[in-house]
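A short worksheet on the structure shown next.
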Amino acid sequence: MKVIFDCTSLTNWIGHPTGIQRVVSEIGNELLGCLPNIRLGLFQADSTCLEYDIQLRKTTENIELNAGDIIITAGSNWDYIEHHKVLMKLRQQGIKLGILFYDAIPCILPFTYGPGFPEIYKEWLIETINACDLAFAISENTKRDLKHFSTEHGLELPPVTVVRLGDEVPTTEGDPSADIVQKISEPYLLTVGSIEYRKNHIMLLNAWRYMIEEQNYIPPKLYIVGKQGWLDNDIEYQIANDLRLKGRIEVLKGLQDIDLRVLYENSMFTLYPSFYEGWGLPIAESLCFGKPCIASRSSSMVEIAPGLVRHAHPLLLNEWVEQIRLLVDNPEELQNECERVRTGYKLSSWKDTALQMCEGLFANYPEIMEIAE
């Protein structure tokens with residue numbers, strides 16, 4: 001029995017991996033140290049598999065696949081239908097599949113995605129649950145959502161192992177841009193995440209409007225950092241054309257890693273008003289930098305660091321205003337909270353993630369442990 005970790009999503013990888021590519025890269029690299037007999041593979045259109053050297057970023061020899069072998073895949077396979085078909089074909093040939101599930105959000109909040117995508121994702125999710133022999137989920141909330149979805153659609157969900165994603169801050173080199181150096185010279189708040197409807201940036205815009213207009217209160221500047229996503233409520237247009245917000249909220253895109261790091265390090269605290277998440281990495285990132293975060297009281301976001309993260313309801317503006325003002329208006333409380341975060345938050349390494357994945361493998365296929373020994 002061989003275990004192959006699917007690195008196909010790293011095909012044509014250029015530069016520093018981000019998002020799901022980073023998850024695949026980090027887990028693949030750590031699994032090599034945790035499971036000596038594991039192979040990293042790139043799957044071809046004809047269902048063959050080439051061994052992948054993750055350090056050199058190139059393929060080497062062919063990996064012979066046999067019935068009973070296990071493929072673990074953690075990529076965004078819903079976006080790569082041909083690769084998904086390859087995995088389904090291999091499953092029919094007796095290869096076992098282990099799937100890392102990130103979330104079921106397109107099926108839970110379909111209105112937060114562009115037309116057509118929820119249907120594509122739902123079809124992928126049904127086929128994948130039907131085909132997989134072992135499931136991993138990135139949060140307890142995602143595990144619950146998978147169970148609910150499976151029950152609702154009459155599917156038999158295999159055993160699910162929850163693995164916590166690593167939140168180690170990548171090493172950054174170089175100096176921040178002159179623009180960022182200028183921006184950090186004054187107090188500011190920060191929110192990081194793709195600019196789309198689900199991330200609920202509109203809550204922050206309305207909170208700033210409310211504080212400025214109704215409370216005659218000028219909050220610190222807010223920087224919104226993220227790439228363009230689905231259905232963004234024309235956030236940038238609103239900011240540019242609302243005199244209450246212009247100059248007080250700014251969207252930043254395409255930042256270098258060092259710029260984002262410096263923004264985190266020098267912020268007062270961060271905000272994350274998302275409606276729903278599979279995990280909520282920017283919350284963990286904020287804590288890694290020793291910065292408190294006010295996040296939505298929803299889904300997986302309450303799992304990340306109970307007792308260290310402040311929460312507000314994603315639909316209740318007054319809760320956000322109250323939490324923001326409490327920290328902004330009380331420097332001593334903010335300082336104490338920063339200290340609690342710095343001393344109380346335990347970072348999760350990608351090695352921890354890989355070890356949790358191995359535990360799930362061993363629990364369901366103990367013969368793998370014998371082979372590893």
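The values are calculated or read from the model by the stated rules, or taken from the named source; none is laboratory data. This structure is a prediction, so every number in the text was calculated from the model and none was measured. Note that each Cβ is placed from the backbone with ideal geometry, even for glycine, and that neighbours are counted across all protein chains shown.
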Would the stretch 71-82 turn up any residue that is surrounded by fewer than 21 Cβ atoms within 10 Å (Cβ to Cβ) and not in a helix (DSSP H, G or I)?
yes
Residue count, the stretch 117-138, condition closer than 19 Å to residue 361 by Cβ and either in contact (Cβ under 8 Å) with a residue 40 or more places away in the chain or not in a strand (DSSP E or B) (or both), comes to 8
Going through the stretch 240-257 in order, the residues found to be free of Cβ contacts under 8 Å to residues at least 24 places away in the same chain and either surrounded by 15 or more Cβ atoms within 10 Å (Cβ to Cβ) or in a helix (DSSP H, G or I) (or both) are 240, 241
Quick test of your reading of the structure: residue 203 fulfils all but one of (1) on the phi < 0 side of the Ramachandran plot; (2) surrounded by fewer than 21 Cβ atoms within 10 Å (Cβ to Cβ); (3) in the same structural domain as residue 321 (by the TED database). Name the failing condition by number.
(2)
Which members of the stretch 85-101 meet the condition of being surrounded by 20 or more Cβ atoms within 10 Å (Cβ to Cβ) and not small (Gly, Ala, Ser)?
86, 87, 90, 95, 96, 97, 99, 100, 101
Among the residues of the stretch 181-201, the number that are within 22 Å of residue 284 (Cα to Cα) and either over 27 Å from the mean Cα position of the chain (by Cα) or in a helix (DSSP H, G or I) (or both) is 5
Does residue 155 satisfy the criteria of being modelled with pLDDT of 95 or more, surrounded by 13 or more Cβ atoms within 10 Å (Cβ to Cβ) and farther than 27 Å from residue 101 by Cα?
no
When only residues in the stretch 1-41 that are among the hydroxyl-bearing types (Ser, Thr, Tyr) and in a helix (DSSP H, G or I) count, which is farthest from the chain's Cα centre (by Cα)?
8
Being under 22 Å from the mean Cα position of the chain (by Cα) and either within 30 Å of residue 5 (Cβ to Cβ) or free of Cβ contacts under 8 Å to residues at least 24 places away in the same chain (or both) is true for just one of 360, 307. Which residue is that?
360
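Conditions tested, residue by residue: (1) closer than 21 Å to residue 21 by Cβ; (2) outside the structural domain of residue 304 (by the TED database); (3) among the β-branched types (Val, Ile, Thr).
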site	(1), (2), (3)
80	yes, yes, no
87	yes, yes, no
90	no, yes, no
95	no, yes, yes
98	yes, yes, no
101	yes, yes, no
112	no, yes, yes
120	yes, yes, yes
How about the stretch 327-357: which of its residues are surrounded by fewer than 18 Cβ atoms within 10 Å (Cβ to Cβ), in contact with a helix residue (DSSP H, G or I) (Cβ under 7 Å, 6 or more places away or on another chain) and farther than 30 Å from residue 3 by Cα?
333, 334
How about the stretch 224-239: which of its residues are within 20 Å of the chain's Cα centre (by Cα) and either outside any strand (DSSP E or B) or buried (at least 16 other Cβ atoms within 10 Å of the Cβ) (or both)?
224, 225, 226, 227, 229, 230, 231, 232
Where residue 50 falls short, out of the listed (1) of a type outside the set (Lys, Arg); (2) surrounded by 15 or more Cβ atoms within 10 Å (Cβ to Cβ); (3) touching a residue at least 24 places away in the same chain (Cβ under 8 Å); (4) more than 30 Å from residue 232 (Cα to Cα)
(3)
Got a number for residues in the stretch 42-70 being not β-branched (Val, Ile, Thr) and not in a strand (DSSP E or B)?
13
